[in-house]
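Peer 1: First the structure, which I've put down as structure tokens, then a few questions once you've had a look.
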Amino acid sequence: MKPPARTGFMNRLKQRLGTAQRIAVVGIGDELLPPDRPGMFAARYIKDQHLPGVRVFLTGTVPESFTGPLRKFQPDHVLFLDAADMSEQPGTVVVIGRGKIGTDLVSTHVLPLSVIMKFVAQDTGAKVTLLGIQPDLGRPERDMSGPARETLEKNLEILADALRERTGAGVSSP
């Protein structure tokens, strides 16, 4: 039996992805700031899986500059991956509901992520989802390591499995 956390996260992802066959994964973050790197790390992890029907965009701190390539890809669903302080265990990945994304939050992005997500949804007709990744704020000068990195990698395996299932590439073993 799968642990409840894995099952809950997988179910929420499946629900959000619906019947999407073409999925854009947008990695966001400032690679010079360790607490802001998890979105880019996660996107690279997904890119390394070489999943059919999934295209990864590594946007750094300027996700708004990738709206043209996103439109050209014509996704059914766009997953934004970004660091988010949710007071969770470092490495935790959470589906963040649209109502919980503020437009006035201080961030490393030029435009608020909520504005970009709304524009992408309108411009592409795709459903959009934000996956927040809890950074390790107790180690702001370093990347995640140890249990935090293990937690993140387990959550990224769940994400990859959900994408594999959705795009017909099969599911890896647990």
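We did not get these values from a lab; they are worked out from the coordinates using the rules stated. Just so you know, these numbers come straight off a predicted model, no measurement behind them. Neighbour counts run over all protein chains shown; Cβ positions are idealised from the backbone, glycine included.
Peer 1: By the scheme Lys and Arg +1, Asp and Glu -1, what is the net charge of all other residues having a beta-carbon under 14 Å from that of Thr61? Numbers along the way, then the final one.
Peer 2: On the way: positive: Arg37; negative: Asp30, Glu31, Asp36, Glu64, Asp82.
Counting the neighbours of Thr61, the net charge comes to -4.
Peer 1: Show me the ranking of peptides 10-19, 112-121 by mean Cβ neighbours inside 10 Å, starting with the highest. Kindly include the intermediate steps, with their values, before the conclusion.
Peer 2: On the way: 10-19: 14.3, 112-121: 18.0.
Order by mean packing, descending: 112-121, 10-19.
Peer 1: Another question about this same structure. Kirkwood Rh over Cα pairs of the chain into Stokes-Einstein at 10 °C, 1.306 mPa s: D in µm²/s?
Peer 2: Numbers: Rh = 16.0 Å.
Taking Rh from Cα pairs, D becomes 99 µm²/s.
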